[in-house]
Amino acid sequence: MMSNLFSIFDPTTNLFNLSLNWISTFIGLMFIPYSFWLIPNRHYILWNFITNKLHNEFKMLLGINSFNGSTFIFISLFTFILFNNFLGLFPYIFTSTSHLTISLSISLSLWISFMLYGWINNYQHMFIHMIPQGTPTILMPFMVLIETISNIIRPGTLAVRLTANMIAGHLLLTLLSSTSSNLSFFMLFILIFVQILLLILESAVAIIQSYVISILSTLYSSEVN
């Protein structure tokens with residue numbers, strides 16, 4: 001019996017006082033077989049198709065002034081979040097992306113690097129970006145304040161969006177499964193059917209959230225060039 005509903009998200013599994021739950025972050029490497037790098041199999045063809053589509057889209061969003069190979073940063077980000085979101089749907093596997101420790105670390109490090117690059121190399125562009133074109137003179141101080149606040153909260157919104165979506169689905173699955181012991185056979189069958197539908201929905205959310213995070217990070221990066 002768990003003392004707290006949110007205890008399912010706590011890293012409590014340990015061995016010799018070392019937390020083992022965070023090891024699930026690296027389990028995604030097991031899904032990449034050695035033959036992936038050697039033999040053009042169906043796994044390779046599918047993933048190559050996905051990465052090519054992402055590369056073309058990220059390249060278009062970054063613009064012509066982007067550095068060569070910069071899209072691989074966001075493709076790697078998409079892959080990392082996608083693997084961790086999917087692994088969290090398996091039983092007894094810790095969902096690292098449901099914690100701000102992971103999501104905020106990713107979004108904050110990316111945002112700080114973008115800001116440092118923008119203010120050091122393109123400070124005039126960064127100042128111009130604070131005031132939209134056609135803004136009346138009397139509203140310029142307020143627009144600078146609003147744009148500054150919206151820029152500062154970007155890493156927080158990225159992290160909270162990913163964390164909240166991961167927590168919401170897992171909590172709903174946990175709440176529904178906790179009622180199974182008091183249900184009849186017919187209601188238990190309906191519950192299993194609903195759980196399967198929720199798992200399909202969570203699989204779609206796992207893909208969408210990893211895509212949204214990588215796209216927004218790409219857009220934030222394109223603003224500093």
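Is it possible to state the helix-based mean residue ellipticity at 222 nm for the chain, with each DSSP H run of 4+ residues giving -39500 (n - 2.57), the sum divided by total residues, to the nearest 500 deg cm²/dmol? What is it?
Estimated from H runs of four or more residues: -22000 deg cm²/dmol.
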Charged-residue dipole, Cβ positions (Lys, Arg, Asp, Glu), the chain about Cα centre, Debye nearest 20 | 260
Using alpha carbons only: equivalent-ellipsoid semi-axes of the chain, gyration tensor based, whole Å = 38, 24, 17
Cα pair distances of the range 90-154 binned at 5 Å [whole percent] | 3, 14, 17, 18, 14, 10, 9, 6, 4, 3, 1, 0
Using the beta-carbon distance between residue 171 and residue 215 and R0 = 30 Å, what value does 1/(1 + (r/R0)^6) give for FRET efficiency, to the nearest 0.05?
-> 0.70
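From Cα pairs below 8 angstrom and at least 6 apart in sequence, can you work out the relative contact order of the range 107-181, rounded to a whole percent? All intermediate terms of the calculation are to be shown ahead of the outcome.
Numbers: 20 pairs, mean separation 26.4, N = 75.
Reported relative contact order: 35 percent.
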Place +1 on the Cβ of every Lys and Arg and -1 on the Cβ of every Asp and Glu in the chain, take the dipole about the Cα centre, and give the residue among 171, 122, 136 whose Cα lies farthest towards its positive end.
-> 122
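Pairs of Cα atoms under 8 Å, at least six residues apart: use those to get the relative contact order of the chain, whole percent. Could the numbers behind the result be given before it?
Working: 172 pairs, mean separation 65.6, N = 225.
Normalised by residue count, the contact order of the chain is 29 percent.
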Diffing the range 209-214: the Karplus 3J(HN,Hα) column from phi (6.51, -1.76, 1.60, θ = phi - 60°), in whole Hz with x for Gly and Pro, holds 5, 5, 5, 5, 4, 5
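Each reported figure results from applying straightforward, stated rules to the coordinates on display, with no laboratory input. All values derive from a computational prediction rather than experimental measurement. Neighbour counts are summed over all protein chains in view; Cβ atoms, including those assigned to glycine, are modelled from backbone coordinates with ideal geometry.
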